[in-house]
Amino acid sequence: MEIEILPGLEAVRRRPQLYVGELKRKDLFDDLILESLCHAIDEAVDSNCHTISIQLEPTGAIFVQYDASISLEIHPKSGKRFADVLLTEISACHNLKKRIEIGSEYCQYGLAVLNTLCYEFQVKTVWRGQCGSQFYAEGKKDKDFVISPSDSADNTIFRFFFDEQLLGHHEVHLNNLQMKMEKLEQAMGSQLHITCSSGVPT
């Protein structure tokens with residue numbers, strides 16, 4: 001019998017329950033949305049992030065925006081941009097946190113796992129006058145980050161769709177998600193404001 005060794009992201013798609021637990025539990029998708037905020041929370045602790053907006057689109061997409069950037073520098077070990085490392089290497093967002101305690105408390109699955117469990121994941125971040133955008137399908141990209149000049153303030157936008165072929169039909173419970181956001185706001189004090197709503201983002 002041959003033993004098949006799967007690359008990290010492929011292993012997530014083959015055995016998602018090993019990474020996120022029971023797939024049929026009621027609040028799985030609420031927790032996955034919370035996972036998308038782990039970098040924002042890390043920045044909020046250092047007072048670099050003050051507002052987070054989460055919107056559930058009628059198309060089924062999740063739209064997350066916050067006023068902090070993800071670095072577009074080249075990571076010295078991987079040769080990839082830092083933002084790409086966070087979204088494609090398992091546990092990278094936990095291990096590369098400025099604050100390890102944030103990684104332990106608010107980074108249960110990781111951005112790479114979230115990305116891989118989505119059939120589509122888009123990211124755009126403005127960092128130090130540069131705008132970097134990337135498109136992933138099932139955790140994989142077809143080209144490198146597109147970089148262009150920008151005069152916008154630092155910010156990051158995620159827009160993603162959960163993969164129902166992997167996770168089954170999902171339902172996000174807005175009231176439950178809002179309660180989780182309120183608890184997070186309280187834990188962070190007055191330095192972070194989070195809004196959560198359904199509808200099309202403006």
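The values are calculated or read from the model by the stated rules, or taken from the named source; none is laboratory data. Not measured: the values here are computed from a predicted model. Neighbour counts run over all protein chains shown; Cβ positions are idealised from the backbone, glycine included. Surface areas here come from the heavy atoms of the whole protein model, side chains and all, with no ligands, DNA or RNA. Shrake-Rupley method; radii C 1.70, N 1.55, O 1.52, S 1.80 Å.
Give me the mean projected area, in nm² to one decimal, of the convex hull enclosing the Cα positions of region 68-176.
Over every viewing direction, the Cα hull of region 68-176 projects on average to 8.0 nm².
Compute and list, largest first, the equivalent-ellipsoid semi-axes of region 104-160 from the alpha carbon gyration tensor, each √(5λ) rounded to a whole angstrom.
Each semi-axis is the square root of five times an eigenvalue, giving 22, 16, 8 Å.
Value of Rg to Rh for region 17-98, rounded to two decimals, is 1.00; Kirkwood radius and Rg both from alpha-carbon coordinates.
Of the trypsin sites (Lys or Arg not before Pro) found in region 116-202, the ones in coil according to DSSP and having at most 14 other Cβ atoms within 10 Å of their Cβ are ARG128, LYS143. Cross-linked pairs LYS141/LYS183; LYS97/LYS141; LYS141/LYS180; LYS26/LYS80; LYS80/LYS180: Cα-Cα separations exceed 29 Å for LYS141/LYS183; LYS141/LYS180; LYS26/LYS80; LYS80/LYS180.
In the chain, helices alone account for a calculated mean residue ellipticity at 222 nm of -8500 deg cm²/dmol, with every DSSP H run of four or more residues adding -39,500 (n - 2.57). The phi torsions of region 139-156, fed into the Karplus equation with coefficients 6.51, -1.76 and 1.60 and a -60° offset, translate into couplings of x, 10, 10, 9, 7, 6, 3, 8, 10, 9, x, 8, 9, 6, 5, 4, 6, 9 Hz, rounded to whole numbers, with Gly and Pro shown as x. Subtracting the Cα-Cα distance of SER148 and GLN17 from 0.36 nm times their residue separation leaves 43.4 nm of extension gain. Model label sites at ARG25 and SER47, defined 7 Å from Cα along the beta-carbon direction, differ in position by 3.7 nm. In region 1-154, the portion of solvent-accessible area held by carbon and sulfur atoms comes to 50 percent [1.4 Å probe, whole percent, DNA, RNA and ligands not counted]. With bins 10 Å wide starting at 0, give me the P(r) of the chain over every alpha carbon pair, in whole percents. P(r) for the chain, in whole percents per bin: 9, 36, 39, 14, 2, 0. Applying 1/(1 + (r/R0)^6) with R0 = 25 Å to the Cβ-Cβ distance of PHE135 and GLU182 gives a FRET efficiency near 0.20. Per residue, the accessible area of the chain comes to 51 Å² when a 1.4 Å probe rolls over the protein heavy atoms.
The aspartates and glutamates within cross-link reach of LYS140, meaning a Cα-to-Cα straight distance under 16 Å and a gap of 8 or more places when in the same chain, are GLU10, ASP84, GLU89, GLU120, ASP163.
Residues in region 13-27 carry Karplus couplings, in order, of 6, 6, 9, x, 5, 6, 9, 10, x, 4, 6, 9, 5, 4, 9 Hz; the curve used is 6.51 cos²θ - 1.76 cosθ + 1.60 with θ = phi - 60°, and Gly or Pro positions show x.
Within region 62-100, whose backbone N sits under 17 Å from a point 7 Å along Cα→Cβ of GLU120? What the label zone holds, given the 17 Å backbone N cut-off, is 62-64.
Sequence-ordered 3J(HN,Hα) estimates for region 109-116 from the Karplus curve with 6.51, -1.76 and 1.60 and θ = phi - 60° stand at 9, x, 5, 5, 5, 4, 4, 5 Hz, glycine and proline given as x.
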